[in-house]
Amino acid sequence: MACYLFPAAIVAPRSSPLPRFAHHRIRAQKPSISNPKRLSSVVSSGRFGWDDVLRVGEGNQEDDDPSDLRGYFEKVRACNRGSEKQSEFVPFVVEDQIVGYIHRGFIEHLRKFQDVFTIVSGNNGCYIGDRVTLHSSLKKPEDKTRAVGDAITCLGKLIPGIRNELYPVTSSFGMPVFFSLERAAAPYFGIKAYGVHMNGYVERDGQQFLWIGKRSDMKPTFPGMLDHLVAGGLPHGITCKENLMKECEEEAGIPRSISNNAISVGAISYVDIDEYKYKRDVLFCYDLKLPAGFVPKNEDGEVDSFRLVPAAHVANIIQRAEFFKPNCSIVHFSR
(Lines give C-alpha, C1' and ligand atoms only; values in the text may rest on other atoms or scores of the structure.)
Protein backbone atom coordinates (compact mmCIF):
# COMPACT_ATOMS: atom_id res chain seq x y z
CA MET A 1 0.00 0.00 0.00
CA ALA A 2 1.36 3.41 -0.89
CA CYS A 3 2.20 6.02 1.71
CA TYR A 4 0.62 9.44 1.33
CA LEU A 5 2.22 12.60 2.64
CA PHE A 6 -0.01 15.56 3.37
CA PRO A 7 1.34 19.11 3.65
CA ALA A 8 -0.52 20.43 6.68
CA ALA A 9 0.94 20.37 10.16
CA ILE A 10 -1.79 18.02 11.29
CA VAL A 11 -3.81 16.21 8.67
CA ALA A 12 -6.87 14.06 9.17
CA PRO A 13 -8.22 12.52 5.96
CA ARG A 14 -9.95 9.20 6.27
CA SER A 15 -10.36 6.61 3.54
CA SER A 16 -11.94 4.14 5.94
CA PRO A 17 -15.67 4.28 6.76
CA LEU A 18 -15.03 2.74 10.17
CA PRO A 19 -16.26 4.73 13.19
CA ARG A 20 -13.59 6.47 15.25
CA PHE A 21 -13.49 7.72 18.81
CA ALA A 22 -12.80 11.21 17.41
CA HIS A 23 -16.47 11.23 16.41
CA HIS A 24 -17.49 11.11 20.07
CA ARG A 25 -18.23 14.38 21.81
CA ILE A 26 -15.06 15.99 23.11
CA ARG A 27 -15.02 16.10 26.89
CA ALA A 28 -13.84 18.95 29.07
CA GLN A 29 -10.76 18.65 31.21
CA LYS A 30 -12.66 18.10 34.44
CA PRO A 31 -11.90 14.57 35.58
CA SER A 32 -13.88 13.44 38.58
CA ILE A 33 -11.74 10.91 40.39
CA SER A 34 -11.51 9.81 43.97
CA ASN A 35 -8.08 11.34 44.58
CA PRO A 36 -7.19 14.23 42.21
CA LYS A 37 -3.96 15.00 44.12
CA ARG A 38 -2.72 11.49 43.45
CA LEU A 39 -3.50 11.89 39.73
CA SER A 40 -1.43 15.08 39.62
CA SER A 41 1.41 13.29 41.33
CA VAL A 42 1.55 10.30 38.99
CA VAL A 43 1.29 12.49 35.89
CA SER A 44 4.12 14.80 36.96
CA SER A 45 6.37 11.92 38.01
CA GLY A 46 5.72 9.86 34.89
CA ARG A 47 4.88 6.88 37.09
CA PHE A 48 1.38 5.57 36.72
CA GLY A 49 -0.41 2.26 36.36
CA TRP A 50 -3.37 0.95 34.44
CA ASP A 51 -5.65 1.69 37.41
CA ASP A 52 -4.79 5.39 37.07
CA VAL A 53 -5.35 5.27 33.32
CA LEU A 54 -8.70 3.52 33.50
CA ARG A 55 -9.96 5.76 36.31
CA VAL A 56 -9.25 8.88 34.26
CA GLY A 57 -10.99 7.40 31.23
CA GLU A 58 -14.08 6.42 33.20
CA GLY A 59 -14.39 9.67 35.16
CA ASN A 60 -17.75 11.35 35.79
CA GLN A 61 -18.67 13.34 32.67
CA GLU A 62 -21.93 14.99 33.77
CA ASP A 63 -20.39 18.47 34.06
CA ASP A 64 -18.21 18.23 30.96
CA ASP A 65 -18.33 21.08 28.46
CA PRO A 66 -18.17 19.66 24.90
CA SER A 67 -16.83 22.98 23.59
CA ASP A 68 -13.73 22.92 25.82
CA LEU A 69 -10.84 21.73 23.62
CA ARG A 70 -7.97 22.89 25.81
CA GLY A 71 -6.77 19.41 26.65
CA TYR A 72 -6.38 18.57 22.97
CA PHE A 73 -4.70 21.85 22.05
CA GLU A 74 -2.13 21.24 24.79
CA LYS A 75 -1.19 17.94 23.13
CA VAL A 76 -0.71 19.71 19.79
CA ARG A 77 1.51 22.34 21.41
CA ALA A 78 3.58 19.62 23.12
CA CYS A 79 4.64 18.35 19.67
CA ASN A 80 5.19 21.77 18.12
CA ARG A 81 7.52 23.60 20.49
CA GLY A 82 10.27 26.11 19.85
CA SER A 83 9.21 27.80 16.61
CA GLU A 84 10.69 31.04 17.96
CA LYS A 85 14.14 29.37 17.96
CA GLN A 86 14.31 28.60 14.23
CA SER A 87 16.79 31.43 13.67
CA GLU A 88 19.31 29.49 15.79
CA PHE A 89 19.61 26.88 13.04
CA VAL A 90 21.22 26.95 9.60
CA PRO A 91 20.35 24.78 6.59
CA PHE A 92 22.02 21.42 6.07
CA VAL A 93 22.47 21.16 2.29
CA VAL A 94 23.34 18.10 0.24
CA GLU A 95 23.69 18.30 -3.54
CA ASP A 96 22.05 21.76 -3.53
CA GLN A 97 19.00 20.47 -1.66
CA ILE A 98 18.08 21.48 1.88
CA VAL A 99 17.71 18.21 3.78
CA GLY A 100 17.81 19.48 7.35
CA TYR A 101 18.72 22.20 9.85
CA ILE A 102 21.63 22.27 12.32
CA HIS A 103 21.92 24.38 15.46
CA ARG A 104 24.68 26.99 15.43
CA GLY A 105 26.04 25.62 18.69
CA PHE A 106 26.13 22.06 17.38
CA ILE A 107 28.03 23.24 14.30
CA GLU A 108 30.97 24.03 16.56
CA HIS A 109 31.28 20.32 17.34
CA LEU A 110 31.32 19.52 13.59
CA ARG A 111 34.26 21.81 12.81
CA LYS A 112 36.74 19.15 13.91
CA PHE A 113 35.57 16.90 11.05
CA GLN A 114 36.89 19.00 8.18
CA ASP A 115 37.07 16.02 5.84
CA VAL A 116 33.34 15.36 6.40
CA PHE A 117 31.56 18.71 6.83
CA THR A 118 32.03 22.02 5.07
CA ILE A 119 30.73 25.11 6.87
CA VAL A 120 29.92 27.82 4.35
CA SER A 121 29.85 31.44 5.50
CA GLY A 122 27.63 34.03 3.93
CA ASN A 123 28.65 37.30 2.33
CA ASN A 124 28.39 39.09 5.67
CA GLY A 125 31.38 37.16 7.04
CA CYS A 126 29.43 35.89 10.03
CA TYR A 127 31.24 33.62 12.48
CA ILE A 128 28.86 30.72 11.99
CA GLY A 129 28.14 29.80 8.38
CA ASP A 130 24.93 30.21 6.48
CA ARG A 131 24.79 26.52 5.73
CA VAL A 132 26.50 23.19 6.32
CA THR A 133 27.30 20.80 3.48
CA LEU A 134 29.26 17.58 3.10
CA HIS A 135 32.84 17.63 1.88
CA SER A 136 33.14 17.62 -1.91
CA SER A 137 35.27 14.46 -1.79
CA LEU A 138 32.27 12.45 -0.59
CA LYS A 139 30.67 11.50 -3.91
CA LYS A 140 28.80 8.24 -3.37
CA PRO A 141 25.89 7.71 -0.93
CA GLU A 142 27.80 4.95 0.84
CA ASP A 143 30.80 7.26 1.28
CA LYS A 144 28.61 9.92 2.85
CA THR A 145 26.93 7.37 5.10
CA ARG A 146 30.25 5.99 6.32
CA ALA A 147 31.91 9.39 6.87
CA VAL A 148 28.97 10.94 8.73
CA GLY A 149 28.50 7.75 10.72
CA ASP A 150 32.13 7.83 11.84
CA ALA A 151 31.73 11.45 12.92
CA ILE A 152 28.62 10.61 14.93
CA THR A 153 30.50 7.83 16.69
CA CYS A 154 33.27 10.27 17.59
CA LEU A 155 30.76 12.75 18.98
CA GLY A 156 29.87 10.17 21.62
CA LYS A 157 27.58 11.43 24.39
CA LEU A 158 26.60 14.54 22.42
CA ILE A 159 24.18 12.24 20.57
CA PRO A 160 22.75 9.84 23.17
CA GLY A 161 20.73 6.70 22.51
CA ILE A 162 22.53 5.38 19.43
CA ARG A 163 20.34 2.65 17.89
CA ASN A 164 22.45 1.45 14.98
CA GLU A 165 19.43 2.01 12.74
CA LEU A 166 19.72 4.10 9.59
CA TYR A 167 17.24 6.68 8.36
CA PRO A 168 17.21 7.89 4.74
CA VAL A 169 18.28 11.48 4.08
CA THR A 170 16.18 12.99 1.28
CA SER A 171 14.80 16.36 0.25
CA SER A 172 11.26 14.98 0.70
CA PHE A 173 9.48 11.65 0.95
CA GLY A 174 9.92 9.38 -2.04
CA MET A 175 12.79 11.41 -3.48
CA PRO A 176 16.30 10.00 -4.09
CA VAL A 177 18.27 9.10 -0.98
CA PHE A 178 21.49 11.12 -0.64
CA PHE A 179 22.83 8.98 2.20
CA SER A 180 21.69 7.28 5.40
CA LEU A 181 21.95 8.68 8.92
CA GLU A 182 21.91 7.09 12.37
CA ARG A 183 18.37 7.39 13.75
CA ALA A 184 19.42 9.00 17.04
CA ALA A 185 21.22 11.75 15.10
CA ALA A 186 18.23 12.68 12.94
CA PRO A 187 17.01 15.62 15.09
CA TYR A 188 20.56 16.97 15.50
CA PHE A 189 20.80 17.29 11.71
CA GLY A 190 17.16 18.31 11.37
CA ILE A 191 16.31 15.75 8.71
CA LYS A 192 12.75 14.59 8.20
CA ALA A 193 12.14 11.31 9.96
CA TYR A 194 9.27 9.05 8.97
CA GLY A 195 7.35 6.50 10.96
CA VAL A 196 4.26 4.29 11.00
CA HIS A 197 1.58 4.32 13.73
CA MET A 198 -1.30 1.88 13.87
CA ASN A 199 -4.47 1.71 15.90
CA GLY A 200 -5.61 -1.84 16.47
CA TYR A 201 -9.25 -2.13 17.45
CA VAL A 202 -12.09 -4.58 17.95
CA GLU A 203 -15.84 -4.07 17.81
CA ARG A 204 -18.22 -5.48 20.37
CA ASP A 205 -21.98 -4.83 20.42
CA GLY A 206 -21.55 -1.85 18.14
CA GLN A 207 -18.88 -0.25 20.35
CA GLN A 208 -15.25 0.23 19.39
CA PHE A 209 -12.37 -0.72 21.70
CA LEU A 210 -8.70 0.17 21.17
CA TRP A 211 -5.75 -1.95 22.20
CA ILE A 212 -3.33 0.37 24.03
CA GLY A 213 0.29 -0.46 24.87
CA LYS A 214 2.34 0.73 27.86
CA ARG A 215 5.98 1.22 26.91
CA SER A 216 8.68 -0.62 28.77
CA ASP A 217 10.36 1.27 31.60
CA MET A 218 13.65 0.38 29.90
CA LYS A 219 12.89 2.36 26.74
CA PRO A 220 15.39 5.23 26.24
CA THR A 221 12.58 7.57 25.18
CA PHE A 222 9.25 8.06 26.96
CA PRO A 223 9.62 5.03 29.25
CA GLY A 224 6.43 3.76 30.83
CA MET A 225 4.11 5.96 28.78
CA LEU A 226 1.09 4.84 26.78
CA ASP A 227 1.52 4.12 23.08
CA HIS A 228 -0.31 2.83 20.06
CA LEU A 229 -0.69 -0.89 19.68
CA VAL A 230 2.03 -0.73 16.99
CA ALA A 231 4.38 2.11 16.05
CA GLY A 232 7.91 2.44 14.76
CA GLY A 233 10.35 4.51 12.75
CA LEU A 234 10.71 3.97 9.02
CA PRO A 235 14.30 2.91 8.30
CA HIS A 236 16.10 3.05 4.98
CA GLY A 237 15.28 0.44 2.35
CA ILE A 238 11.80 -0.69 3.46
CA THR A 239 8.28 0.37 2.46
CA CYS A 240 5.72 1.71 4.90
CA LYS A 241 3.49 -1.35 4.68
CA GLU A 242 6.34 -3.83 4.98
CA ASN A 243 7.69 -1.93 7.98
CA LEU A 244 4.24 -1.89 9.57
CA MET A 245 3.85 -5.65 9.21
CA LYS A 246 7.33 -6.19 10.68
CA GLU A 247 6.48 -3.97 13.66
CA CYS A 248 3.14 -5.78 14.09
CA GLU A 249 5.00 -9.07 14.50
CA GLU A 250 7.64 -7.69 16.86
CA GLU A 251 5.57 -5.40 19.05
CA ALA A 252 2.21 -7.15 19.27
CA GLY A 253 2.58 -10.66 17.85
CA ILE A 254 0.18 -9.91 14.99
CA PRO A 255 0.70 -12.36 12.11
CA ARG A 256 1.10 -11.00 8.59
CA SER A 257 -2.09 -12.71 7.51
CA ILE A 258 -3.90 -10.19 9.75
CA SER A 259 -1.65 -7.12 9.56
CA ASN A 260 -1.81 -7.18 5.76
CA ASN A 261 -5.39 -5.90 6.16
CA ALA A 262 -4.28 -2.65 7.81
CA ILE A 263 -5.78 0.40 6.08
CA SER A 264 -3.82 3.60 5.41
CA VAL A 265 -5.89 6.49 6.79
CA GLY A 266 -3.65 9.55 6.44
CA ALA A 267 -0.57 11.22 7.87
CA ILE A 268 0.46 13.91 10.33
CA SER A 269 3.60 16.02 10.60
CA TYR A 270 5.02 18.31 13.24
CA VAL A 271 8.17 20.28 14.10
CA ASP A 272 9.56 20.23 17.64
CA ILE A 273 12.64 22.32 18.48
CA ASP A 274 14.47 21.65 21.73
CA GLU A 275 18.03 22.87 22.37
CA TYR A 276 20.21 21.36 19.59
CA LYS A 277 17.39 19.18 18.24
CA TYR A 278 15.21 20.15 15.28
CA LYS A 279 12.75 17.28 15.14
CA ARG A 280 10.74 17.05 11.92
CA ASP A 281 8.54 13.97 11.99
CA VAL A 282 6.02 12.60 9.50
CA LEU A 283 3.86 9.74 10.73
CA PHE A 284 1.89 7.51 8.36
CA CYS A 285 -1.25 6.32 10.11
CA TYR A 286 -3.06 3.00 9.82
CA ASP A 287 -6.14 1.28 11.23
CA LEU A 288 -6.45 -2.45 11.71
CA LYS A 289 -9.62 -4.24 12.75
CA LEU A 290 -8.59 -7.25 14.82
CA PRO A 291 -10.48 -10.48 15.55
CA ALA A 292 -12.62 -10.09 18.64
CA GLY A 293 -10.66 -12.71 20.54
CA PHE A 294 -7.19 -11.49 19.61
CA VAL A 295 -4.82 -10.67 22.48
CA PRO A 296 -1.51 -8.91 21.61
CA LYS A 297 1.79 -10.30 22.84
CA ASN A 298 4.99 -8.29 22.73
CA GLU A 299 7.96 -10.08 21.18
CA ASP A 300 10.79 -7.53 21.37
CA GLY A 301 10.68 -6.39 25.01
CA GLU A 302 9.70 -2.81 24.16
CA VAL A 303 6.15 -3.03 25.56
CA ASP A 304 5.38 -3.72 29.21
CA SER A 305 1.69 -4.59 28.83
CA PHE A 306 -1.49 -4.06 26.83
CA ARG A 307 -5.07 -3.15 27.73
CA LEU A 308 -8.28 -3.04 25.71
CA VAL A 309 -9.95 0.32 26.35
CA PRO A 310 -13.25 1.73 25.03
CA ALA A 311 -12.51 4.30 22.34
CA ALA A 312 -14.52 7.00 24.11
CA HIS A 313 -12.42 6.46 27.23
CA VAL A 314 -9.23 6.85 25.22
CA ALA A 315 -10.47 10.28 24.14
CA ASN A 316 -11.02 11.19 27.81
CA ILE A 317 -7.54 10.00 28.76
CA ILE A 318 -5.95 12.15 26.07
CA GLN A 319 -8.02 15.17 27.05
CA ARG A 320 -7.52 14.90 30.78
CA ALA A 321 -4.00 13.59 31.37
CA GLU A 322 -0.53 13.23 29.90
CA PHE A 323 -0.24 9.47 29.96
CA PHE A 324 0.29 9.04 26.22
CA LYS A 325 3.57 9.56 24.39
CA PRO A 326 2.95 13.05 22.93
CA ASN A 327 2.79 12.20 19.23
CA CYS A 328 0.41 9.31 19.93
CA SER A 329 -2.15 11.77 21.28
CA ILE A 330 -2.25 13.84 18.12
CA VAL A 331 -2.39 10.73 15.93
CA HIS A 332 -5.42 9.54 17.90
CA PHE A 333 -7.57 12.65 17.85
CA SER A 334 -6.48 14.23 14.56
CA ARG A 335 -7.62 11.36 12.39
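The values are calculated or read from the model by the stated rules, or taken from the named source; none is laboratory data. Quick caveat: nothing in here was measured; it's all calculated off a predicted structure. Neighbour counts run over all protein chains shown; Cβ positions are idealised from the backbone, glycine included.
General remarks:
- Whether a residue is over 30 Å from HIS103 (Cβ atoms), surrounded by fewer than 22 Cβ atoms within 10 Å (Cβ to Cβ) and of a type outside the set (D, E, K, R) was assessed, and ALA292 passes this test.
- Residue in region 53-73 that is among the aromatic types (Phe, Trp, Tyr), at pLDDT 95 or above and closer than 30 Å to PHE173 by Cβ present: no
- Listed conditions (1) at positive phi; (2) buried (at least 19 other Cβ atoms within 10 Å of the Cβ); (3) of a type in the set (Asp, Glu) are all met by ASP205, apart from (2).
- In region 261-283, the residues that are part of a strand (DSSP E or B) and touching a Phe, Trp or Tyr at 6+ places or on another chain (Cβ under 7 Å): ILE263, SER264, VAL265, GLY266, ALA267, LYS277, TYR278, ASP281, VAL282
- Meets criteria (modelled with pLDDT of 95 or more and within 18 Å of the chain's Cα centre (by Cα)) for ARG280: yes
- Filter pass, GLY156 being within 17 Å of TYR276 (Cβ to Cβ), among the small types (Gly, Ala, Ser), free of Cβ contacts under 8 Å to residues at least 24 places away in the same chain and not in a loop (DSSP other than H, G, I, E, B): yes
- Qualifying residue in region 254-263 (condition: touching a strand residue (DSSP E or B) at 6+ places or on another chain (Cβ under 6 Å), closer than 16 Å to TYR194 by Cα and either crowded, with 21+ Cβ neighbours inside 10 Å or not β-branched (Val, Ile, Thr) (or both)): no
- Selection count where residues are under 29 Å from ARG47 (Cα atoms), surrounded by fewer than 23 Cβ atoms within 10 Å (Cβ to Cβ) and among the β-branched types (Val, Ile, Thr), scope region 218-249: 1
- For region 200-224, a residue qualifies if it is among the small types (Gly, Ala, Ser) and out of contact with any helix residue (DSSP H, G or I) (no Cβ under 8 Å at 6 or more places or on another chain), and the qualifying residues are GLY206, SER216, GLY224.
- Spans of strands (runs of 3 or more DSSP E) in region 179-242 with at least 3 residues at pLDDT 95 or above and within 20 Å of ILE318 (Cα to Cα): 192-204, 207-215
- Here ALA312 meets the list (1) closer than 23 Å to GLY224 by Cβ; (2) in a helix (DSSP H, G or I) almost entirely, failing just condition (1).
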